[in-house]
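Before any comments, here is the structure.
Computed from the coordinates by the stated procedures, all read-outs in this text should not be read as laboratory data. Quick caveat, the model's predicted, so the values are computed rather than measured. In this analysis, Cβ positions are derived from the backbone assuming ideal geometry, glycine residues included, and neighbour counts consider all displayed protein chains.
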Amino acid sequence: MERITTQALAEKFIEEQIAELRAQIGDGKVLLALSGGVDSSVVAALLIKAVGQQLVSVHVNHGLLRKGEAEQVVRVFRDELKSNLIYVDAQDRFLDKLAGVADPETKRKIIGGEFIRVFEEEARKLEGIKFLAQGTIYPDILESGPVKAHHNVGGLPDDFDFELVEPIKFLFKDEVRVVGKALGLPDGMVFRQPFPGPGLGVRCVGAITRERLAAVRESDAILREEFAKNGLEGKVWQYFTIVPDFKSTGVKDGKRSFDWPVVIRAVNTRDAMTATVEDIPFDLLQHITKRITSEVPGVNRVLYDLTPKPTGTIEWE
Ligand code: XMP
């Protein structure tokens, strides 16, 4: 199959998919878990073009999203594209379930399991859904690569007898981005860096608290803003902040403080199996440090993780 590398090829793919989706779906209703990631967003945009209001998207805010993400999903898919979007604010529900849980795999299981339950509850409220759309892409089918498949809303109870709709299952990530661009989705959505399914949950090391989660979210927003301003967006493969679950002493406003550190991670990789550390200009690191320590409550130190993969993994959990 020809790889989709240009706008013209993407437009041809979109035309073909619209015809195929209409033939498969007819006048049926389609359900989609819309995370706001590039894959599910492209699937949503294709379905909106093909079957319009027959698509019902559900966006679950599990409280572990980056700053502004849920708002962007609502703005693009409800306000701009006028599609049928159900926004579920499940932040408290997830954070209550996660309270006191420090083990990384248990945290992942709780987040994944709770996601299925919330999605299932929303699906049960709807009537006449025949199809379930998924942002499966080709690497998910090949089951290659360490980027864990998070697209499959597998685990739904057996009485849900949905027929699957998977319009981008033969595309690679770079092709999905070209299609997303041709569909007119915003660059911030199409070219965004990989983001794990359990979201900021894996970057708030140990048992998640609301305060520490806020420190992860705010420091991440500052890092992304500074990378964008300094031409590093789109150049560095993945960058984010981590907040470990220990404190250290410092001095703030003339007083001793006992606060968390923020760790910056910025890496480049081809396939996420190995990774190298980005050589960030020292003055930019100093500027980001100054902003994080003065703008983010509860933080008194900033560290830069110099560890390649191996020996470190990209994420800390
Ligand atoms: P690691 O930390 O294993 O990460 O070097 C490799 C890539 O996978 C992403 N990652 C995840 N993605 N669910 C996901 O959907 C996860 O639990 C998860 N853990 C890591 C990570 O962001 C990196 O791009």
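In the chain, what percentage of the DSSP-assigned beta bridges are antiparallel, given to the nearest 5?
35 percent
If amide hydrogens are placed 1.01 Å from N in the peptide plane, which non-local residues have theirs closer than 5 Å to the one on Ala275?
Here Lys309 satisfy the definition.
So for the chain, averaging the separation of alpha carbon pairs under 8 Å that are six or more residues apart and normalising by length, what relative contact order in percent results?
17 percent
Within 12 Å, Cβ to Cβ, of Ile116, how many net charges do the neighbouring residues add up to if Lys/Arg are +1 and Asp/Glu are -1?
Residues close to Ile116 contribute a combined charge of -2.
On a straight-distance basis, which aspartates and glutamates could pair with Lys130 in a cross-link, Cα separation under 19 angstrom, same-chain partners fewer than 8 positions away excluded?
Reachable aspartates and glutamates: Glu20, Asp27, Glu120, Glu121, Glu122, Asp158, Asp159, Asp161, Glu163, Glu166.
Give the Cα extents of the chain along the principal axes, in whole Å, largest first.
Dimensions of the chain along the principal axes of its Cα atoms: 68, 41, 36 Å.
Please report Rg over Rh for region 111-219, where both radii come from the alpha carbon positions and Rh follows the Kirkwood definition.
When Rh is taken as the Kirkwood radius, the ratio is 1.00.
Once amide H atoms are placed 1.01 Å from N in the peptide plane, what residues at a sequence separation of 5 or more from Leu303, or on another chain, have their amide H within under 5 Å of its amide H?
Those lying under 5 Å, H to H, from Leu303 are Val262, Val263, Ile264.
May I ask you to order 15-26, 219-230 by the average number of other C-beta atoms within 10 Å around their residues, highest value first?
Averaged packing, sorted descending, gives the order 219-230, 15-26.
When the helix-only estimate is applied to the chain (DSSP H runs of n ≥ 4, each -39,500 (n - 2.57), divided by the residue count), what is the mean residue ellipticity at 222 nm, nearest 500 deg cm²/dmol?
-12000 deg cm²/dmol
Do any of Lys173/Lys235; Lys109/Lys309; Lys82/Lys181; Lys12/Lys173 go past 21 Å between their Cα atoms, and which?
Beyond 21 Å: Lys109/Lys309.
Explain nothing, just compute: Karplus ³J(HN,Hα) = 6.51 cos²θ - 1.76 cosθ + 1.60, θ = phi - 60°, for every residue of region 311-316 in order, whole Hz, x for Gly and Pro.
8, x, 8, 5, 7, 8
Long-range amide H contacts for Ile86: which residues qualify at under 5 Å (H placed 1.01 Å from N, peptide plane, sequence gap of 5 or more or a different chain)?
Ser57, Val58, His59
Once both axes come from the Cα atoms, what is the angle between helix 282-295 and the longest principal axis of the chain, in degrees from 0 to 90, rounded to 10?
90 degrees
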